[in-house]
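The values are calculated or read from the model by the stated rules, or taken from the named source; none is laboratory data. Since the model is a prediction, treat every value here as computed from it, not as a measurement. Ideal geometry is used to build each Cβ from the backbone, glycine not excepted, and the neighbour counts take in all protein chains shown. Heads up: the accessible areas ignore ligands, DNA and RNA and are worked out on the full protein's heavy atoms, side chains in. Shrake-Rupley method; radii C 1.70, N 1.55, O 1.52, S 1.80 Å.
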Amino acid sequence: MRKSTKIISVLLALSLLSSTSLFAKEIDDVSEFNSSIGVYTLAGVSAGIGLWGLQYQHWFNNRIGAAFDFSALYNSDLTDAPQNKMFVNFNAEFDYALYRFELSKDVASQLYLWALGGVEFKDKLVYEYTSEGYQEIDTDSVLVNAVVGLGFAFDFTFYKHISVPIQIGFLGTFPNDTCFDFCLGTGLRYSF
């Protein structure tokens with residue numbers, strides 16, 4: 001089932017690209033609104049790896065762009081289920097535009113490759129389940145992981161200011177909690 005989900009996702013993305021390019025008009029210059037800020041999420045399909053938070057993206061010219069992501073979470077109440085008390089993530093993403101097109105006066109899109117690198121910090125928690133619920137055993141250490149990702153994305157822009165990216169690729173963390181997985185992501189950004 002997992003393999004078929006990945007195949008269907010890739011085929012859906014490719015068909016979306018091919019169908020929009022039939023009606024598209026290519027744009028050669030970069031938009032006057034080349035910076036954007038918003039929220040995003042990028043999650044592994046099966047392994048429980050994920051990124052989320054605030055994102056700033058800037059296009060330097062019509063091909064090269066970069067995005068910077070940040071997220072932080074602190075949860076002092078862990079009575080319901082085991083999870084991390086603290087989680088902090090910093091990422092930088094390199095973007096390379098392959099194709100830009102305009103579907104109408106108010107809707108434009110682009111296809112781009114992305115490569116992500118970053119670092120995450122989270123507390124190492126060990127739990128024991130008792131009749132009273134989950135009990136913490138050890139919270140003294142912090143795990144530091146490198147975060148890497150690679151894939152492609154479609155970025156749909158509405159009314160020149162509202163941007164909705166859809167990312168597909170692979171995401172991984174190492175050396176602690178080593179995990180690599182197929183990932184899907186989206187977000188909502190305001191371009192200025």
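I need the calculated FRET efficiency for the pair GLU32 and LEU150, taking r as the beta carbon distance and R₀ as 25 Å, to the nearest 0.05. My answer for the efficiency is 0.25.
Order of 185-191, 149-155 by packing, highest average Cβ count within 10 Å first? Show your work: numbers first, answer last.
Working: 185-191: 18.6, 149-155: 20.1.
Descending mean neighbour count gives 149-155, 185-191.
Ligands, DNA and RNA left out, the accessible area of region 143-182 computed with a 1.4 Å probe is 76% carbon and sulfur. With all protein chains in place and ligands, DNA and RNA left out, the 1.4 Å accessible area ranks GLU93, GLU32, GLU102 as GLU32, GLU102, GLU93, largest first.
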